[in-house]
Every structure is written in structure tokens, then in C-alpha cells.
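Some notes on the structure that comes next.
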Amino acid sequence: MRIAVAGATGRMGRMLIEAVLNADDATLVGALSKERGSALGQDAGAFIGKTTGVVITDDVDAVLALSDVLLDFTRPQGTLAYLKAAQRHGVKMVIGTTGFDAAQLDLITEASKSIAVMFASSTSASLNVTLQLIALAARNFSEGYDIEVVEAHHRYKVDAPSGTALTIGETIADALGRKLADCAVYAREGATGERAPSTIGFSSIRGGDIVGEHTVLFIGDGERIEITHKTLNRSPYVSGALRAARYLMGFDAGLFDMHDVLRLP
């Protein structure tokens with residue numbers, strides 16, 4: 001399995017590179033970065049003291065010509081540029097980027113008709129199992145409970161609510177037979193009036209080095225149920241990304257998520 005990593009100079013990119021180098025069934029063939037700077041031309045393993053022979057580059061076509069799968073956890077515009085290149089070369093993609101708008105999501109769906117794409121707001125296996133628990137709770141607490149989603153991330157995160165929080169919201173809305181666009185409340189300020197019982201509220205916290213925390217509250221009269229998932233470091237995302245890459249090797253095209261990878265119901 002020949003793997004290329006996008007965003008090679010970022011924290012997540014470096015962790016992905018290290019994981020690929022340590023995997024028995026994977027070979028690092030490319031390390032991509034769109035950032036102009038001294039890192040371009042350096043060995044991709046220099047940050048862990050390894051000489052890999054793979055240099056960090058911005059030459060997407062040269063890298064993808066050698067690749068089976070591209071791992072991408074960057075920004076929407078960068079991801080979509082890589083996606084076009086992946087289509088040109090028939091390369092599969094694992095996309096963990098968040099913050100896409102509806103039109104950009106359509107582009108990912110369209111691309112999946114010609115290449116295999118695993119797209120998920122979180123590649124953490126435990127988070128995706130937690131989604132199953134949230135759906136179960138939503139079906140059983142559909143009446144008499146107010147639902148709130150609270151998420152917290154580091155100060156550098158650029159989108160809010162997080163992609164995972166939105167996935168949680170979609171999971172709840174689907175379980176309730178609603179559309180998230182019709183019932184989501186993303187901000188409250190001033191005289192908002194009473195809370196509409198059918199809404200799903202979102203709150204975002206940004207600060208420090210929080211990797212990712214998500215809590216769903218089902219709030220009734222006299223009781224409250226909380227389902228929380230906390231990510232203490234990025235290793236669950238990394239292991240999930242490699243698991244997804246292995247899964248995609250069995251497909252030439254199609255759009256998949258971590259539920260497919262983990263074979264969840």
C-alpha cells in the first residue's frame with residue numbers, strides 16, 4: 001500500500017507520516033505541503049530522526065503518480081485541489097478535513113464516482129461508536145428532553161461548530177426523523193424567547209491545546225443524560241486514517257465513511 005500524506009509540515013501530517021513509516025503494510029511514497037518555506041526539500045522523516053528518501057514537496061502530480069492512497073487532513077481549499085489531482089491519477093483518498101460548505105461537499109460526492117473516497121469528520125473508532133450510542137439515546141429521548149451539543153477544540157481551529165459536532169447533530173436529527181438544517185440553533189444572544197422543544201443547540205469552545213471534546217446533553221425535568229467523547233491526543237485519528245486506507249484498497253470508486261470502515265450498523 002503506497003501512501004502519500006498531505007499537510008506534511010503540520011502536526012497531524014507529521015503524525016501520519018510517522019505512522020505510515022511504522023506500518024508493516026504501508027510504504028511512504030510522498031509528503032505534500034502547500035506551505036512555502038524551508039521545509040520543502042527536507043526529508044519527510046527528519047522530524048523523528050529518520051532518513052526516508054522521501055522529500056517534502058509541493059509537486060502534487062509527481063507524488064500521486066507513485067501513490068495508491070492520499071491521506072488528507074488539511075483545509076477545504078487544499079483538499080479540493082488534491083482531490084482533483086487524485087482523480088487525474090486514479091488515487092484513492094482518505095479525507096479528514098472539516099469545514100466544507102454544501103457546494104464543496106457535492107464536489108467530494110462527484111469525485112467519488114471515479115475514485116474511492118473515505119470522508120469523515122473524525123477517523124477515531126471510539127468516536128464513531130459513540131455516535132451509535134447518541135443515536136440510540138436520541139430515539140429513546142425524543143420527547144420531553146432538550147438536546148444540546150457542546151464541543152471544545154484548540155485555539156487554532158478555524159471552523160465552528162466542529163465537523164464532528166455537525167456529524168453528531170446529523171446523527172441526532174436522523175434518529176428523530178428531522179433535518180438538521182431545520183432544527184439547528186448555532187447562536188443565542190439577547191432576548192431569544194423560550195427554547196423551542198424541537199431544536200438542537202450547539203455551543204463551541206476554543207482555547208489552549210484541547211484536541212477535541214464533544215458532549216451531547218439530553219436535558220429533561222429533574223434529570224440530565226450526558227454522552228461525552230474526549231480525544232486526549234491525535235493518535236486515534238491517525239490509526240483510524242490508516243485503517244480507512246486499508247479499507248479503500250478493496251474499492252476502485254465510491255464514497256465511504258468510518259461506519260463502513262468499522263462495519264458499524
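The values are calculated or read from the model by the stated rules, or taken from the named source; none is laboratory data. As the structure is a prediction and not an experimental result, all values here were calculated from the model. Backbone-built Cβ (ideal geometry, glycine too); neighbour counts: all protein chains shown.
For the condition touching a Phe, Trp or Tyr at 6+ places or on another chain (Cβ under 9 Å), in contact (Cβ under 8 Å) with a residue 60 or more places away in the chain and at positive phi, G7 qualifies.
Just so you know, in the stretch 38-50 the residues that are outside any loop (DSSP other than H, G, I, E, B) and either touching a residue at least 12 places away in the same chain (Cβ under 8 Å) or outside the structural domain of L248 (by TED's automatic domain parsing) (or both) include one that is surrounded by the fewest Cβ atoms within 10 Å (Cβ to Cβ), and it is I48. On the stretch given as the stretch 144-201, residues that are closer than 23 Å to D221 by Cα, buried (at least 19 other Cβ atoms within 10 Å of the Cβ) and among the small types (G, A, S) total 4. Considering the stretch 240-255, and only residues there that are touching a helix residue (DSSP H, G or I) at 6+ places or on another chain (Cβ under 7 Å) and among the small types (G, A, S), the residue that is farthest from T123 (Cα to Cα) turns out to be A244.
Just to verify a result, which residue in the stretch 21-32, among those that are of a type in the set (A, V, I, L, M, F, W, C) and not in a loop (DSSP other than H, G, I, E, B), is nearest to T74 (Cα to Cα)? Here the answer is L32.
For S239, state whether it is in the same structural domain as I17 (by TED's automatic domain parsing), at pLDDT 95 or above and either hydroxyl-bearing (S, T, Y) or within 20 Å of L136 (Cβ to Cβ) (or both). Spelling it out, S239 is indeed in the same structural domain as I17 (by TED's automatic domain parsing), at pLDDT 95 or above and either hydroxyl-bearing (S, T, Y) or within 20 Å of L136 (Cβ to Cβ) (or both). Checking each residue in the stretch 157-204 for being without any contact (Cβ under 8 Å) to a residue 12 or more places away in the chain and within 30 Å of R11 (Cβ to Cβ) picks out E170, A187. When G250 is tested against the conditions (1) in contact (Cβ under 8 Å) with a residue 12 or more places away in the chain; (2) within 30 Å of A6 (Cβ to Cβ), the lone failure is (1). Of the residues E35, E18, the single one that is assigned to a helix (DSSP H, G or I) and in contact (Cβ under 8 Å) with a residue 24 or more places away in the chain is E18.
When the stretch 129-161 is limited to residues that are among the acidic types (D, E) and assigned to a strand (DSSP E or B), the one that is nearest to the chain's Cα centre (by Cα) turns out to be E151.
Considering G53, G78, which residue is in a loop (DSSP other than H, G, I, E, B) and either buried (at least 23 other Cβ atoms within 10 Å of the Cβ) or not assigned by TED's automatic domain parsing to the domain that holds I227 (or both)?
One residue alone meets the criteria, G53.
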